[in-house]
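Contents: one structure, followed by commentary.
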Amino acid sequence: MTIVIVLAAFAVMGLAAIAGTGRFGQWTQPVDDSPKGRMPPGDLTDEFLAAVRIPRAMHGYAVDQVDEGLRDVVAGDVDPHALRFDIRTRGYDMAFVDEILDRAVARPAQPVDADAGVEAREEADGPIAAAEDARPDGDGRLGSTTTEN
């Protein structure tokens, strides 16, 4: 009787190994029916926070802590790396919040003044040299891609 049980166990393990290789057919990919949320383009600003829709998850970051933390990041009161959130039932989706914080970390610390380089060049070489630097294609027409024959 012991031999029959051992042979049956080997048969079950063998069939499991074959099924694991996909010989009995492939499993279909699971459907992700979780809410997707809405991530507006652009930097983390007050307008961004007004437009963003963070989805909820079965277990996620505490909603009140995330809301307060994001407002503090936009105001510049806290470093995004320093934020820590408790995990709660029906909280904000953790991956979505982490993506927002990654965007906050990736933004430049100070806004870049596009005219600063032109103004510095204008002071050094005069308005003609600065205007020549401002033309992207060198022929005086912005965005021109046609060639004259």
Cα convex hull of region 46-106 - mean projected area over all directions, nm²: 3.7 nm²
Mean separation of Cα contacts under 8 Å (6+ apart) over length of region 46-106, as relative contact order %: 47 percent
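Laboratory data are not the source of any read-out in this text; all were calculated from the coordinates shown. Everything quoted here is computed from the prediction, not taken from an experiment.
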